[in-house]
Each structure stands twice: as structure tokens, then as C-alpha cells.
1. Hey, if you put +1 on the Cβ of every Lys and Arg and -1 on every Asp and Glu Cβ in the stretch 309-449, which of Ala348, Ala399, Pro413 ends up farthest toward the positive end of that dipole?
2. Need one number: nm distance between label points at His128 and Lys101, each 7 Å from Cα along Cα→Cβ, rounded to one decimal.
3. For Lys315, list the lysines whose Cα falls under 19 Å from its own Cα; do not include residues on the same chain fewer than 8 positions away.
4. Calculate log10 I(q)/I(0) of the chain for q = 0.06, 0.08, 0.14 Å⁻¹, where I(q) comes from the Debye formula with a single equal point scatterer on each Cα and nothing for solvent.
5. Would you please give the residues with an amide H less than 5 Å from that of Ser91, counting only those at least 5 places away or on a separate chain, with H modeled from the backbone geometry?
6. So if R0 is 35 Å, what FRET efficiency would Ala399 and Ala247 give, r being the distance between their Cβ atoms, rounded to the nearest 0.05?
7. Considering amide H positions built from the backbone, and no H for Pro or chain starts, which residues 5 or more places from Phe379, or on another chain, come under 5 Å of its amide H?
8. Please report the base-10 log of the normalised intensity I(q)/I(0) for the stretch 309-449, using a Debye sum with one equal scatterer per alpha carbon and no solvent, at each q in 0.10, 0.15, 0.19 (1/Å).
Amino acid sequence: MNVHFIAIGGSAMHNLALALQQKGYNISGSDDEIFEPSKSRLAARGLLPEMFGWFPDKITSGLDAVVLGMHAKADNPELIKAQELGLKIYSYPEFLYEQSKSKTRVVIGGSHGKTTITSMILHVMHYHDKDVDYMVGAQLEGFDVMVKLTDHNDFMVLEGDEYLSSPIDRRPKFHLYKPNIALLSGIAWDHINVFPTYENYVEQFKIFIDSIVSGGSITYNEEDLEVKRVVEASENTIRKLPYQTPAYTVENGQTFLETPEGPLPIEVFGAHNLNNLAGAKWICQHMGIDEDDFYEAISTFKGASKRLEKIAESKSSVAYKDFAHSPSKVEATTKAVKAQYPERALFACLELHTYSSLNAEFLKEYKGALDAADTGVVFYSPHAVEIKKLEKVSEHQIADAFQREDLIIYTNPTDFKEFLFAQNFDNKTLLLMSSGNYGGLDFNEIKGLLN
């Protein structure tokens, strides 16, 4: 097959392009800008476009399919040419479904935890040499690519994102996968630029549950009351299998999972990650991994990239970075780190970086999110607010939203870095939460902060 990618440089898109090339397809692509690591990875496989930009002459009747990325616009000249020629145009999730129609599709959905749960499942499968197709939203230890597609594997494990499919397909991605086996980890309002009301956002998860094939199953976190309500109200003819956070203990910075064979030391920590682990265990059992084999494998799981990733440690201090940015994730991550190191003061920094987090109306959702930290710091860039064409957000609005009188707020990257590097982190835990980089912070420099 000859497949062309419009906006090939995206994190998901370039991984799909690499996976299809590995499968023997002829791949071409375009983009107006491509950043690392996509740029180097495409170049290494001969797929990096010779010139950046959009070139309608790349679109010919000889193409079997065009895959359209979210980075492109509806008036993209290559897209218009493909429409004029009547070519088959797929969104990223549509193409993944086409590739997995004959397989058992396992889809992990939820506002939070889906990357970690998907990663846990793939780690366990890899540990036991069980080959599966997959798509996951983070780079995993032991995996070369984030997308794998074959003609022979029985299972396809998909991280089910609720964000939109393409510029011309406004359906959430996870509506298109039609799972045989599904999981729902949590529902907490996000992506308000697309789902302007809480009710509208929750409706997307109802549609997801109803998209599960008849006779399939939904494994769901019954501790999340919205998840429990939505799943149990569904009239879809599927099995409904609840899970909850397992028993565990923390001793001297080490988490032990309670198992039938006794306490098991594990690498990940925090109630939210133990809850994720419980969901992953049930899905792995649906896929043929027994409980003992799951425990053996999961004890070696170190976490998904950017999810509570340890970036520095000394005898008396430790530093983590985390992708957390939505209110529920920030609160869960902050509580988890404090619980893991209760004897140390927690210095938690949050960058407000996404469309939702920089929206004045949405800010109130962050109330109490940093309460578990001994020191709470918020950084945001007024320039990022301008780029996203949002109303200006004031420091007063942020302070009022978090409801924390001692909250420290920075808007200048240089000032924030100087403040951070002036701190004494002896007997402290540093937590850096962001989907960005605090205006240019080099995380490798953090090692020099710890004693």
C-alpha cells in the first residue's frame, strides 16, 4: 500500500508512519514543522520530508490512503487535493481501527491513568514474551516504537484518547476503536476548548461504553463515582467488571503491594498508580496472563516516560518530573509523592501550560490541588496565554483559584529558575509537574540542585 501522511511529524503520526513502513508499506509525508525526537526518528528511516511545507503535487491517484493529522487545518492544500481526487482519507484512529478489525481490540480509556495502564499491560506482555500489536502515548523502556502493527498478532492494545480525531472528523478518538475489551479509569473534566461543559465531556464516555462490541466487557474503577454511575447506567449488552485500589504499605520510601503470596516490592507508588495497577491486572488476565505471572512482571515496571519519573536523587533528597497538568492529576500526584516521603518537606511546582489550565473559567477546578505540598509554586507564561488567544489570567486569579494563601507564583522563566536554584533541598522532595518545560528549564540541571 502507498500511504501519505499529512502532518507526519506529530508524536502519534510519526510512530504510525514508522510502524507501517516496518510492515512493508510505502510511506510519504509532509509537515510545516517537525521537532525532536520525531525529526531524527523519521530521518533515520528515510521518511523525513526533504522540505517543510505543504505540497499538493505529492497527492496523486496512486495513493491507497491518506492519513490526516490534527496538526493540519481543514483548508490544508494537500487535504483539498486528496478530496478533489476522491482518495480515501483516514484520521489516525480510523486507520488504526482498519488495521485491527480482525483482532481482539483492548482499549484503555479515562481522563487520567490511561497511558500508565496501557504501559503496564504492555510491560507485562513483553516480560512474558507475549507479542501484541499496540498504540501507546509514551515511550516505554524495552520498546523501540509507540505503535506496532502486524498481520499475525491476536490482540491490539490501544490507549483510548478522548481528544478529537482530525480537523475534518470531530469525534473523540476512542469512539472509533470499537473495543472487545475496555477499561475506564476515571472521569475528570478536561479539554474544555472542545467540551465546554462537564455534561458534554461525560457524554463522550457514555458513547465510548456504548461502542464496546456486544458480548464484550468493561473493566472500570468503581472508586470513581462518575465512572461507576456511567458504566452501571449503560444498557449495552456487555460484562461490567469493577476494580478498586489494592492494599499496599509504604516503608522508608518503598511501596509494597499486598498479594496472596505476601508483600511485593514495586517500583511505582501512589494510590492512583496502585489503582492503575489493579485495572491493568484484570485486563492482563482477560488476555491470558494469570495473577502470579502478572505480579512477577509488574514488580519490574518502572513507569511510563514523564509519569512520576525520577530525575535526580541524593542521600537526603529526591526530584521527580511528571506530566500532570489537569486538576485531578495534579492532586493525585502531589498526594502520592508526599505519602511516599512523609518525613520530607514536599516542594511542588506546577506549570499551567494547556488550553484548559490557562482558561480563567476553568482555573477554579484547581482548588486544593496543591494542598499536600509543604511549598506550592505555580508558573505560567503570559506569552502562552497570548498564543492560545485566551483572556489574560492574573496572578490574583490563580491565587484565588488554588485557595492557598502561601502559593508562590512566577510568570518569568528566568525569575522562576533563579528562585528554584536558590533553594536548599536538603531533606526535601522536589516535584516538577508540567506538559511543558517552564519556559526552557533543562531538567538535566536538576541533579546539581540536590545535595
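1. Final value for the positive-end residue is Ala348.
2. 3.1
3. Of all the lysines, those that pass the test against Lys315 - Cα under 19 Å, at least 8 places apart if same chain - are Lys338, Lys428, Lys447.
4. So the normalised log intensities are -0.26, -0.48, -1.48.
5. Amide H neighbours of Ser91: Leu68.
6. The calculated FRET efficiency here is 0.35.
7. Close amide H contacts, sequence-distant or interchain: Leu350, Glu351, Leu352, Tyr410.
8. Each listed q corresponds, in turn, to -0.30, -0.68, -1.11.
Any read-out appearing in this document is the output of simple, stated calculations on the displayed coordinates, not a laboratory observation. It should be emphasised that the depicted structure is a prediction, and the values quoted were computed from it without experimental measurement. Every residue, glycine as well, gets a Cβ built from its backbone with ideal geometry; the counts of neighbours run over all protein chains shown.
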